[in-house]
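**Q** Quick one: the structure is below, questions incoming.
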Amino acid sequence: MTNTSPIYEPNPDVFADYQTPYKLGRPILAPSGIPGEFDCLGADNMRIFRHHGHFYATYIGFDGVGYQTAMAVSDDLLNWTKLGVIMPRGSRNAWDRVGRAISCWLHDVDLYGERDLITHQGRHWMFYHAYPAPGYETGAAANGLAWTTDPAFRDWHFLDQPVFSKGPDDAWDGGGLYSVWVVPYQNSFRLYYNGKDHLHWPWHEQAGLAFSTDGSLEHWRRYEHNPVHPVASSGWDSVFACGQHVLWDSRRHQWVQFFCGFDGSHARDGVSVSDDGILWRRCPTPLLDVGEPDSLDATHAHKPCIIWHNGALYHFYCAVRPTRTDDERRRFGHEYRCLTVACSRPLN
């Protein structure tokens, strides 16, 4: 645990542009429930970009062994066609052989931009996180890097070693890492990352910052005053304040961070703003709350992915509810975990 605490922004108007209260209320990418398929037990952690006139989503599926990364395509952000796994398990390296889970692409981060992929060194780049042992997020994850020149995003080249690993055992990020988010910044890059303080539950998850040491995507230096986005002492974001999704608001000329808060029972999405991308001012209330007891997101409404389209903000997130029937429990276990969307205006 750290001695830092969040700074709350007292003016609610600062966050008015980021509100997404209108939930679709149905899955857009759902687990298959079919034994042996990569997404048998859950679909999670959506990351969206535009490419050649279409929307593409990379997301992770869980099959009881580990995460694998898949892709889907859409023309309207509401109806998606699954394209299958693009990062299967089977690495020769011990740290990522159980599976590779999408963290982020290198792409345009203007909140109101096109969200096009950025070519760096003539390649498209993806960061991912991986756990060393079979099971649900078992062990201390590390972050890897992969690149492709394949227009279908099927042929990937992976670095053999992680590009970012956990801190010392007694540090706030000494229990392991989760997802990262990389931002182009002044001819270089910044890496926002999700770290936890203990390997075994209970733990806290917070967001830290690292800087590229040489303008590349491979070498990083931690910010000396991490975590930059800490948990609160109490309330909805007192256990986790992470899942960082950092974008540049080109209208208000500020950075905005959509994130996941957790209080030990329910996970919700929140929002913070910053002038420099380092010192963050947080909205004291969740941006997206959990739903009613029988709703799609009755347990969690978390892990944001935001994109602007046709004059509206689309807020994709992972919805979780308890399984309801014997058939659901047989197929999915104790919870139903899928991907859905909320919006700044009503959805049909």
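**Q** Determine the calculated [θ] at 222 nm for the chain from helices alone, applying -39500 (n - 2.57) to every DSSP H run no shorter than 4 residues and normalising by the residue count; nearest 500 deg cm²/dmol.
**A** Per the formula, -500 deg cm²/dmol.
**Q** Can I ask one more? Apply 1/(1 + (r/R0)^6) to the Cβ-Cβ distance of Ala133 and Asp13, taking R0 = 35 Å, and write down the FRET efficiency to the nearest 0.05. Provide the component values of the computation, followed by the final result.
**A** Numbers: r = 47 Å, r/R0 = 1.34.
Computed FRET efficiency for Ala133 and Asp13 comes out at 0.15.
**Q** Next question. How much length is gained if the chain between Ser234 and Ile278 is pulled fully straight, taking 0.36 nm per residue apart and subtracting their Cα-Cα distance, in nm to one decimal?
**A** Working: separation 44, 0.36 × 44 = 15.84 nm, distance 2.24 nm.
Between Ser234 and Ile278, full extension yields 13.6 nm more.
**Q** Would you work out which of Val65, Thr340, Leu313 lies farthest towards the positive end of the dipole of the chain, given +1 charges on the beta-carbon of Lys and Arg and -1 on that of Asp and Glu, about the Cα centre?
**A** Going by the charge dipole, the pick is Val65.
**Q** How large is ³J(HN,Hα), in whole Hz, for each residue of region 302-313 in order, when computed from phi with the Karplus curve 6.51 cos²θ - 1.76 cosθ + 1.60 and θ = phi - 60°, using x for Gly and Pro?
**A** Result, ordered by residue: 8, 6, x, 9, 10, 8, 9, 8, 6, x, 9, 8 Hz.
**Q** Still on this structure, please answer the following. Quick one: of Lys23/Lys166; Lys166/Lys303; Lys82/Lys166; Lys82/Lys196, which pairs are farther than 26 Å apart, Cα to Cα?
**A** Values: Lys23/Lys166 36 Å; Lys166/Lys303 21 Å; Lys82/Lys166 33 Å; Lys82/Lys196 32 Å.
Over 26 Å Cα-Cα: Lys23/Lys166; Lys82/Lys166; Lys82/Lys196.
**Q** Something else: Relative contact order for the chain: what percent, with Cα pairs under 8 Å and sequence separation of 6 or more?
**A** After rounding, I find 18 percent.
**Q** Relative contact order (percent) for region 184-271, with alpha-carbon contacts under 8 angstrom and 6 or more residues of separation?
**A** On the way: 181 pairs, mean separation 18.4, N = 88.
Answer for region 184-271 is 21 percent.
**Q** Taking the Cα centre as origin and putting +1 on Lys and Arg beta-carbons and -1 on Asp and Glu beta-carbons, what dipole magnitude results for the chain, to the nearest 20 debye?
**A** Working: 30 positive and 40 negative charges, 93 e Å.
Value, rounded to 20: 440 debye.
Only the coordinates and a few stated rules stand behind these numbers; no lab work does. Since this is a predicted model, take the numbers as computed values, not measurements. Cβ: placed from backbone, ideal geometry, glycine included. Neighbour counts: every protein chain shown.
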